[in-house]
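Rule-based calculations on the coordinates, nothing more; no lab input. Just so we're clear, the structure is a prediction, and the values are computed from it rather than from any experiment. Note that we place each Cβ from the backbone using ideal geometry, even for glycine, and neighbour counts take in every protein chain shown.
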Amino acid sequence: MAGITCYGLSSQSVLGLGSESSKSLLVMKGKQRGIRGFQIKAQVEFVNAEEAKKLVGVEGYAVVDVRDKTQFERAHIKNCYHVPLFIENTDNDIGTIVKRQLHNNFAGLFFGLPFTKVNPEFVQSVKSQFSPQSKLLLVCQEGLRSAAAAERLERAGYDNIACITSGLQTIKPGTFDSVGSKELQDAGKAGLVTIQGKISAVLGTVLICALLFVTFFPDQAEQILQMAPSS
């Protein structure tokens, strides 16, 4: 959105014309857009889920999903455009191979996150589909990538940009029509963390049963412990 500040100033103090009549001078602060003496500052608007729905349904904003391919395929807003800010890193230099292996053994394994790099064609891909005057709602899972994407597009001349605060993870089911096997708010969940709750529940149940057994059947519990091999 364009941030515009107006100041009421006399023509004498600003233009030096010596006239006694006062005039109103419009001063636009921010980035210059090629008009001498005028400056316009583009600002990114951060909205909640309901406000985002209004921007799309009433004000005609186009939804641009900047998440990676894996999260997008799990769930995305129906009829949105997919322009990822990060793409899969398939480079095969030694440094990248080592980083990819470390990533896959930790973040990839536990959180299901792909090994990615910045998409060098991001801005150009957006430009090929939208003019700088287009109204764009940028979305990602947590809100960080959409904010970074908005900053890049702002520098490229896009003025009508909005992002969902904290991302799609805050979207309640039914807010938007979606496509995919998961709800929008759950599209970022993958890897071992998705079964962590089940594992914890099973372990908790086992420990509770063991405690009850020791409490109510101490003699049998002692016999079982004596059967355990000594180190």
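Only Lys, Arg, Asp and Glu carry charge here, each on its Cβ (+1 for the first two, -1 for the last two); on that basis the stretch 44-189 has a dipole of about 200 debye about its Cα centre.
For the stretch 72-81, 3J(HN,Hα) computed residue by residue from phi via the Karplus equation (6.51, -1.76, 1.60; θ = phi - 60°) reads 4, 6, 5, 5, 8, 5, 4, 6, 7, 9 Hz, glycine and proline entered as x.
Among 145, 152, 100, what is the fewest-to-most ranking by other Cβ atoms within 10 Å?
152, 100, 145
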